[in-house]
Structures are given as C-alpha cells and as structure tokens.
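What follows is one structure encoded as structure tokens, with my remarks underneath.
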Amino acid sequence: MVPDWLGAARRAAQAMTAMLAEHPTTAERVVETGERGEGGDRTLEIDAAAERAVFAELERLHDAGARFTVVSEERGTVDYDGEGTLVIVDPIDGSMNAKRGMAHHALSIAVAEGPTMADVVFGYVYDLGPGEEWVAERGAGATLDGQRLDASIGERRTRAGKLELVGIESADPRWIREAADALVETSHRLRAMGTIAVTLCQVAGARLDGMTTLRNCRAVDAAAGQLIVREAGGHVAFTAYDDPLAAPLDLAPHSPVVAARTHEGLRELATVPLPPRKTGV
C-alpha cells in the first residue's frame, strides 16, 4: 500500500489547531510536563498534546498496513515494523513562539526512503500561526495552500549586490556576534522567525532570498522544509558535509543548514562562520 501521508498530516494539523485554540494564553501554554524530550528540550504540555495528535494518525496508518520507523522530537525513535521508511516528526517547531503566542510555530513531518536528507520523499510543514500549509513530494514540486510554487523565481539583491532579505535561526546573541561580519557582507536585512521549518518555507516561497542556521540543527527541524525548498526551485546545503544532503535523519544536531533561491546565494551564505565540515555521515 501507499500510505496517505498527506491525509494523516492534515488531520494531525487540524487536531493541533484545535488543541492550541483551547489553550490560547501564554499562562496555559508555558506549562511543562516535567520531562525532557529525546531532542533535549524541556517538554511543554502543548508539545506532548501535539505529539499525541501526530502519533494517533501514524498509528492509524500502521493499522492499515503501513510499515515505518518514527524519529520524533519528544519520543525519540519508535518502530512500527520499519522496513526502511523513516518518518521524521517535530510536533511543534518553534515551541517558544507557540508558548508566548507569537505567530510562527509549525508541525513538521518528513518521510524518507533512506537515512539522509537526500532520501526525503515527502515534506509537510503546517505553520499554525497564519494557517499556511506547505507540501512537497520528491520530483513533483511544492505547493503553498494547494497552489504550486513557482520554481523559476530567483532572488532580490540591493544595488550593492547584497541579498535583500535573509533569515537566521539559532539566534543566540553570542552566535549572531560571531557571524555578524559575514552577514554584513552578504545580507541587507535579517529576519529571525524562531522556527527552522518555517524559515526554510519562506525561502521556498521566495519571501526570503536565503536563510542560515548559525549552529547545528536537528533533522526534525529541517527534513521537511529542505525538501520543500528544493522542490520549489531553491537550493539547500548541510554545510558540515562534503555532500550537501548527507546529514543523517536522527536526533543529533549534526550540521547547520543553509538555503537560498540561487546557487550563488547559497555559496555566499555558506561563508558565514560555522562549525567544521564533516566528510561522511
């Protein structure tokens, strides 16, 4: 059988939208479970509820005959009779935004037929703030709210030749300080949205000319978004690796991710100071 990944993702997004609507205030959303997820972050009640919504849909697919292994922000690796298919889940990418009632926080689901970013075949990001749905299937293009994204759109530059608008993530002030000189050389203006998945999607939609994380990111944050960028005509590199899509689909933060509308933009943003490169997975 071919699992209905899109249907499952949409039902999970609907359940999460309803759950967040029932907990609209910061006071309700900051409540922690007292545990840490497998990704290392403190688990919020809303994180746990979101993950339950996703796993309910995945278990429905398994009951219908699908076989896969889940790599999840909160629960870690969960085997549903595997058979080589990986499902990479971040129930709420941008939890800090979600708990403070800020706009961008997203469900991110990717499906892969192998162990690296290059093997991702389906990507789904639902930005719960504006209610935008970003979807990609390998070789079939990408859509925003059902409308196909134009892969021919390039980038905008200033008269000085800088990328007009660039997203940054992992926005610890110390990391920004270390990267500041390189960002000045490449970027006219910066935006920090607080969610890697959504920031990648802004590149896919040509709202941003490029983006970079200033430190290593995890697969759960980037796996879906990076496919959406590539299927929308953009370019992506996990810069710790010689092979730009060799980053593994596990819970460790292996590499920064850089994305841009053009090869030239990608090359320029890859000059931002980042951790040493790796030669293999």
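The values are calculated or read from the model by the stated rules, or taken from the named source; none is laboratory data. Quantities reported herein were computed from a predicted structural model and do not represent experimental measurements. FYI the Cβ positions are ideal-geometry reconstructions off the backbone, even for glycines, and counts take in every protein chain you see. We work out accessible area using only protein heavy atoms, side chains counted, and drop any ligands, DNA or RNA first. Shrake-Rupley method; radii C 1.70, N 1.55, O 1.52, S 1.80 Å.
Values computed for the structure shown
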read-out: Of residues in the stretch 217-231 being in contact with a Phe, Trp or Tyr (Cβ under 9 Å, 6 or more places away or on another chain) and outside any strand (DSSP E or B), the one nearest to ALA171 (Cα to Cα); value: ALA222
read-out: Residues satisfying the stated conditions in the stretch 78-89, i.e. more than 14 Å from ARG52 (Cβ to Cβ), in contact (Cβ under 8 Å) with a residue 12 or more places away in the chain and either open to solvent by 30 Å² or more (accessible area, probe 1.4 Å) or under 16 Å from the mean Cα position of the chain (by Cα) (or both); value: ASP81, GLU83, GLY84, THR85, LEU86, VAL87, ILE88
read-out: Qualifying residues in the stretch 53-77 (those that are aliphatic (A, V, I, L, M) and either buried (at least 16 other Cβ atoms within 10 Å of the Cβ) or under 17 Å from the mean Cα position of the chain (by Cα) (or both)) - the one farthest from ASP90 (Cα to Cα); value: ALA66
read-out: Residue within the stretch 244-265 that is hydroxyl-bearing (Ser, Thr, Tyr), at pLDDT below 95 and open to solvent by 10 Å² or more (accessible area, probe 1.4 Å) present; value: no
read-out: Matching residues in the stretch 55-76 - criterion: being under 22 Å from ARG218 (Cα atoms) and touching a residue at least 40 places away in the same chain (Cβ under 8 Å); value: LEU58, PHE68, VAL71, SER72, GLU73, GLY76
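Residue-wise test of (1) in contact with a Cys (Cβ under 9 Å, 6 or more places away or on another chain); (2) in contact (Cβ under 8 Å) with a residue 12 or more places away in the chain.
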residue	(1), (2)
GLN202	no, yes
ARG215	no, yes
VAL220	no, yes
GLN226	no, yes
VAL236	no, yes
PRO244	no, no
ALA247	yes, yes
ASP250	no, yes
PRO253	yes, yes
